[in-house]
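**Q** Below is the structure I would like to discuss, written out as structure tokens.
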Amino acid sequence: MKARLGLSMFGLTLLLLPVAGQAAKTKATVQLRDPFPRVTMITEAPHVDFGTTANHKKQELTAKTVKGKLEVLNTRTPANWEVQLTAGDLVGSNHGVILRDAKLNALEGTSSKSSNYAELPEISEAKSPKNSVVMSSKAGNVGHFRHHYGKEHFELKIPEWGPADQYTANLTWALRSSVK
């Protein structure tokens, strides 16, 4: 019995002794797949409505509604890009008359991003926009970038006694490569 106990203790002692020089090395791998083609594109742009007002006096209006936001998707790592805003003339729907001396301004708003990896893009205001850059980003900024506009971020200055009509201006949000 003593021999068995001694042999059992010896076996237990061997199990508890550390085994020197034993190690195993493995690797952890991951492949990130881009579900989008390598592009930079505008995926959404805001629609602005200033409502209805009287034409007998000069006015500075803020937008009644702004639907949507300016959103850029960049899946091209090396791309520098910017969004340029151009506003066309306010043209009447009944007679095609241009509302002269009207000025549309897009103020800065706020920006956000979908990735912690990316930096926020630079934003700026567009006063009476004729090819004004409203958002730009440096190379390596990958993800969704949003420029949020509230009603207070669009202003329209209209002249006194403009012909009564429903006026529309085309807002062109152009995305282009830039050199920074």
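Read-outs throughout are calculated quantities, based only on the coordinates presented, and are distinct from any laboratory measurement. Please read these numbers as outputs of a predicted model, since none were measured by experiment. Cβ coordinates were reconstructed from backbone atoms using ideal geometry, including for glycine residues, and neighbour counts include every protein chain displayed.
**Q** Starting with the fewest neighbours, write out SER178, SER93, SER136 ranked by other beta-carbon atoms found within 10 Å of each beta-carbon.
**A** Ascending Cβ contact count within 10 Å gives the list SER93, SER178, SER136.
**Q** OK, next. Roughly speaking, what is the stretch gain from LYS57 to VAL30, that is 0.36 nm per residue apart minus the C-alpha to C-alpha distance, in nm to one decimal?
**A** Result: 3.2 nm gained on full extension.
**Q** Mind checking the full-extension length gain between THR65 and HIS47? Use 0.36 nm per residue of separation minus the Cα-Cα distance, one decimal, nm. Please list the in-between numbers first.
**A** On the way: separation 18, 0.36 × 18 = 6.48 nm, distance 0.82 nm.
Extra length from THR65 to HIS47 when fully extended: 5.7 nm.
**Q** Which far-off residues, 5 or more places away or on another chain, put their amide H under 5 Å from the one on LEU90, with H placed in the peptide plane?
**A** When sequence neighbours closer than 5 places are left aside, the close amide H contacts are LEU99.
**Q** What order do you get for PHE145, PHE50, PHE154 when you list them from fewest to most C-beta neighbours inside 10 Å?
**A** Starting with the residue having the fewest Cβ neighbours, the order is PHE50, PHE154, PHE145.
**Q** Once phi is turned into ³J(HN,Hα) by the Karplus curve 6.51 cos²θ - 1.76 cosθ + 1.60 with θ = phi - 60°, what whole-Hz value does each residue of segment 41-56 show in order, with x for glycine and proline?
**A** Values per residue, Gly and Pro as x: 8, 7, 9, 7, 9, x, 10, 10, 10, 9, x, 10, 8, 6, 9, 7 Hz.
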